[in-house]
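Encoded as structure tokens, the structure appears first; notes follow it.
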Amino acid sequence: MTSSTSSLDEDPNACVAAGDSRLRRGGSLKFFYGPMDCGKSTLALQMDYNHARQGRRGLVLTTIDRAGPGRLSTRIGLGKEAVDVSADLDIRGLVRQRWQQGIRVDYLICDEASFYTVAQIEQLADLVDTSDVDVYAFGLATDFRTSLFPAAQRLFELADEVTRVQVEVLCWCGRPGLLNARVVNGGIAREGDQVVIGDTSSSDSADSADSSGQDLTEQDVRYQVLCRRHHRVGDLGPTARQEGQLRLV
């Protein structure tokens, strides 16, 4: 095993598959989900750190991050450079390209995975099954209508392990916050594009856009975590807007 690994390291054209994963148990696909502000991106960075410090090499991927393309950021100030996942990115091809360059890829950290395409989720599963790459995906489960995101649904169907992030997020009433409400001009929206990025600071001049890039700056769009009861009845609580509301990423 040692001589084989050494020959791969010396050959820049060698296709280096998933490091030590195959020697242990093969790869796995794990999905960590939860509502806004439950610490998914923070957990993603911690997972990357834990694997990297043991000598494993991975790629960090994200999309629609609050810090803009090419960076995974968190609400508590942590961040790291990341591969931006556009809708036409072939993740399997990206990893294979790294292998062709002689770069090991043992694992993938996939933040905001609910905004990936279903085809990209299939690519992640292929990397696990055919190349023993470990994949750790993080994201929302449902949209503002409480419907599953297509990518999240596929992750629920394919993942070896599914874990709800345990950091408790509260509704304004004190109950556990389970659902993400889209608030447009002060009221809960029940219809619209599945993905609309809205700034949820206290500024009234926040920029926002729908999934096609349409300018929505004339509307006040933000997101708020609610319990099931208050999401269903559309009750945003005694204070309709508070400082520090967070954006849906």
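See the values below:
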{"quantity": "Packing-based order for 147-155, 187-195, using average beta carbon neighbours within 10 Å, highest first", "calculated": "147-155, 187-195"}
{"quantity": "Under-5 Å amide H pairs with Leu61, H placed in peptide plane, nonlocal only", "calculated": "Val83, Ile109, Cys110, Asp111"}
{"quantity": "For the range 85-92, 3J(HN,Hα) per residue [Karplus equation, 6.51 cos²θ - 1.76 cosθ + 1.60, θ = phi - 60°, Hz, x = Gly/Pro]", "calculated": "8, 7, 5, 9, 6, 8, 5, 4"}
{"quantity": "Distance (nanometres) between label positions extended 7 Å along Cα→Cβ at Arg175 and Leu78", "calculated": "3.1"}
{"quantity": "Burial ranking of peptide ranges 133-143, 30-40 (average Cβ count within 10 Å, highest at the top)", "calculated": "133-143, 30-40"}
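Coordinate-derived values only; no laboratory data. The structure displayed is predicted, hence computed values, not measured ones. All Cβ positions, even for glycine, are placed from backbone atoms using ideal geometry, and neighbour counts span all protein chains on display.
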